[in-house]
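Asker: Quick one: the structure is below, and I'll ask about it shortly.
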Amino acid sequence: MEIYKRISSGNLIRWSIFFFLPVFVTASEVSLQETVVGFIGGSAVLNCSSEEPLIKIQDIRVRWSHKDQNVYEIIKGQVSVEKQDPEYRDRTESFPEEYLRGNFSIKLNNLQHTDAGLYKCYIIEESVIKSVELSTQERQAIQIPSEGTKPKPEMIVMFISVLCTGIIFSLACLSKEFLTSLPMT
């Protein structure tokens with residue numbers, strides 16, 4: 001009877017909300033993490049957008065990091081490479097025309113195996129951290145078709161036969177129409 005009174009009084013419900021709410025919040029943050037796949041030697045765009053567009057260019061301050069390395073930094077709407085890790089120099093670019101719309105995505109060029117991992121985008125003005133997981137893969141070599149994938153000569157002959165039959169039938173229909181349209185003398 002004592003347990004029933006605790007449940008009905010709401011204490012158990014309040015306690016369970018207090019206990020399980022952080023679990024649900026943490027789970028939803030993990031599921032919102034974006035994953036990007038890029039090929040070695042290629043490029044990948046790592047997305048980062050603020051919830052609301054920023055009004056002034058002076059308000060824009062964003063920092064991208066990877067394994068405690070400074071990948072890219074935007075200060076007062078300008079790209080700053082002073083503290084950029086040398087590993088990312090001349091390989092990163094952003095889209096300045098998108099800053100006032102709240103888009104601080106970067107493009108990482110000439111991908112390397114060491115580029116794989118978790119990237120964090122800090123939007124300082126909003127105290128927001130966005131995470132993007134970059135996965136790198138080797139590009140598949142173009143494979144030469146094996147004997148099993150080459151068209152068989154019988155199929156080629158059949159295709160040409162059907163094509164020729166269609167052309168002959170079309171010409172026959174056209175000539176019949178032409179002959180019936182001529183005036184009789």
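The values are calculated or read from the model by the stated rules, or taken from the named source; none is laboratory data. Just so we're clear, the structure is a prediction, and the values are computed from it rather than from any experiment. Note: ideal-geometry Cβ built from the backbone for every residue, glycine included; neighbour counts use all protein chains shown. In case anyone asks, the SASA skips ligands and DNA or RNA and just uses the protein heavy atoms, side chains included. Shrake-Rupley method; radii C 1.70, N 1.55, O 1.52, S 1.80 Å.
Asker: Please compute the net charge surrounding Cys121, taking Lys and Arg as +1 and Asp and Glu as -1 over other residues with Cβ under 12 Å from its Cβ.
Answerer: +1
Asker: Express in Å², to the nearest 10, the accessible area of Ser105 obtained by rolling a 1.4 Å probe over the protein heavy atoms while all chains stay in place.
Answerer: Ser105 exposes around 10 Å² with every protein chain in place.
Asker: At a probe radius of 1.4 Å, what is the per-residue accessible area of Thr136, in Å² to the nearest 10?
Answerer: 30 Å²
Asker: Let me ask something else about it. How far apart, in nanometres, would the label points at Ile168 and Phe95 be if each is projected 7 angstrom from Cα along the Cα-to-Cβ direction?
Answerer: Using points 7 Å along Cα→Cβ, the separation is 5.8 nm.
Asker: So, one more: Could you tell me the largest-minus-smallest coordinate of the C-alpha atoms of the stretch 47-140 on each of the three principal axes, in descending order and whole angstroms?
Answerer: Here the Cα extents, ordered largest to smallest, are 44, 26, 23 Å.
Asker: At a probe size of 1.4 Å, how large is the accessible area of Asp90, to the nearest 10 Å²?
Answerer: 150 Å²
Asker: Right, something else. What does the accessible area per residue of the stretch 41-130 come to in Å², with a 1.4 Å probe and no ligands, DNA or RNA counted?
Answerer: It amounts to 55 Å² per residue over the stretch 41-130.
Asker: Could you give the length gained on full extension between Ile160 and Glu82, defined as 0.36 nm per residue of separation minus the Cα-Cα distance, in nm?
Answerer: Contour length minus the Cα-Cα distance gives 21.5 nm.
Asker: Compute the distance in nm between two label points, each set 7 Å from the Cα along the Cα-to-Cβ direction, one at Gln69 and one at Leu118.
Answerer: It is 1.7 nm.
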